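> Input: one structure, supplied below.
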Amino acid sequence: METAQKKRIGILTGGGDCPGLNAVIRAACLTCISHDYELVGLHDGFEGLYEEAYTILDSHKVANIYGEGGTILGTTNIGHYCLPLSEDTIKRTVETYNKLGLQCLICIGGDGTMSIAYVLSQHGVNVVGVPKTIDNDLMATDVTFGFDSAVSVVTDALDRLQTTAASHHRVMVVEVMGRNAGWIALASGVAGGANVILLPEIRWEWESIFATLKARAADKGKRYSLVVVAEGCVPPGSDSQITADDEAKKAVRLGGIGKYVSDRIAKDIGMDTRYVILGHVQRGGSPTSYDRILATKYGSMAAKLAIEGTYGYMASLKGTEVVKVPITAEMREQRKVNPKTDQMVWAARNVGTVFGDEHHSS
Ligand code: F6P
């Protein structure tokens, strides 16, 4: 006798990877199983729907993956799903969605993934979202998973750089990710005792930075400095960010401000300076406990919404509670640091951290 086909939900990871994706997948899978549902994992983000590439997930496939970095499903931020979606892409997506018998699609991703999910929801695909990005710049949630892990990587790097900087009486400039938002730079700079933090949200001046570094060098107890600079900063006197070459020309790739700042410090005030670009180290490896817990809450919430038929919502952290918020066409709006109201900025200024907007009279 044929066994009846279980009800099915799909899941995919879109955009750049980040620590905690596997913990979301595991939580969604185990929640589905406990409600007698099957979870279908699409390969390489939405491409899995285009190519009909998928894996039926079970408790063995998700066993012990809560602490694994990356995504067992694979992801991509290039391919057929660049907005606006073509008619062919939408057609193939809907066909695969129906062929696989999916009741709903859980989309784990950032602003781009949510925007694609929104478009697909207008074409009969039921969607539920989970907010992901190390940048922590999604307007619709207080915190994205992956951010805490990235901040802990940068903090660890700053701790290490502090001892070598102090030994050599050097300035260490550390470039961190975050796109157009300064959350990673701010949080890690506070946690790692940076003396100067440069954010895209604060217009900074060389004079302020130079005065700070010279004052520290003159103080026998503080003959080194740590400078954290967010990749999205616009240098003084310029109106554009520093970008790396992108052969694919698909998206702007930020990078290079760390070297730029380091070179200026060495050239203008003659200090012994080194720079470090942490790059994708911030995205790799194991998620922190905080991110594993948040990812587990997000994954369970997303599966519950999908099972109950509460479509068109994204799991979101408001304060300490995971709630649901609607997925809208405006999901691309970025959440940035507000230097006037943010308590991290306030606390950092109180402990003497310089943001480059302070006025020094030399
Ligand atoms: O959005 C996450 C992020 O890591 C950004 O901080 C960074 O600018 C970008 O992705 C890098 O993207 P890619 O992995 O495509 O180089």
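Here, each number is a calculation from the coordinates, and none is a lab measurement. Note that this is a predicted model, so its numbers are computed, not measured. Every residue, glycine among them, receives a Cβ derived from its backbone with ideal geometry; neighbour counts consider all protein chains shown.
> Amide H neighbours of Val354 under 5 Å, at least 5 residues apart or on other chains, H built in the peptide plane: list them.
Val196, Ile197
> Can you list residues whose amide H is under 5 Å from Arg8's amide H, if they're 5+ apart or on another chain and H is modeled 1.01 Å from N?
Here the answer is Glu38, Gln103, since their amide H atoms fall under 5 Å of that of Arg8.
> In whole angstrom, how far apart do the alpha carbon centroids of region 292-362 and region 76-90 sit?
If you average the Cα positions of each part, the centres end up 27 Å apart.
> Here is a further query. Once you have the Kirkwood Rh of the chain from its Cα pairs, apply Stokes-Einstein at 25 °C and 0.890 mPa s and quote D in µm²/s. Present the calculation step by step, with values, prior to reporting the outcome.
Numbers: Rh = 21.5 Å.
Value of D from the Cα-based Kirkwood radius: 114 µm²/s.
> Let me ask another. Set the Förster distance to 25 Å, then compute FRET efficiency between Asn338 and Glu205 from the Cβ-Cβ distance, nearest 0.05.
With a Förster radius of 25 Å, E is 0.80.
> What residue among Gly352, His60, Ser289 has its Cα farthest toward the positive end of the dipole of the chain, where the charges are +1 on Lys, Arg and -1 on Asp, Glu, each on the Cβ?
Going by the charge dipole, the pick is Gly352.
> Residue by residue through region 314-325, which ³J(HN,Hα) values in whole Hz follow from phi under the Karplus form 6.51 cos²θ - 1.76 cosθ + 1.60 (θ = phi - 60°), with glycine and proline marked x?
10, 5, 8, 9, 10, x, 10, 9, 8, 10, 10, 10
> Now for a separate question. Enter the angle in degrees (range 0 to 90, nearest 10) between the Cα long axis of helix 21-34 and the first principal axis of the Cα atoms of the chain, meaning the one along which they spread out most.
Rounded to the nearest ten degrees, it is 30.
> Using only Cα atoms and rounding to the nearest 10 degrees, what angle (0 to 90) does helix 147-168 make with the longest principal axis of the chain?
20 degrees
> Beyond a 24 Å Cα-Cα separation, which of these cross-linked pairs lie in this structure: Lys222/Lys267; Lys297/Lys340; Lys297/Lys318? Write down the numbers at each step before the final one.
Details: Lys222/Lys267 21 Å; Lys297/Lys340 31 Å; Lys297/Lys318 13 Å.
From the list (Lys222/Lys267; Lys297/Lys340; Lys297/Lys318), the Cα-Cα distance tops 24 Å for Lys297/Lys340.
> With each pseudo-label sitting 7 Å past Cα toward Cβ, what's the Ser86-Glu321 distance in nm, one decimal?
4.6 nm
> Return the calculated 222 nm mean residue ellipticity for the chain, to the nearest 500 deg cm²/dmol, obtained by summing -39500 (n - 2.57) across DSSP H runs with n ≥ 4 and dividing by the residue count. Mind showing how you got there, number by number?
Details: 10 runs with 128 residues, N = 362.
Calculated at 222 nm, the ellipticity per residue is -11000 deg cm²/dmol.
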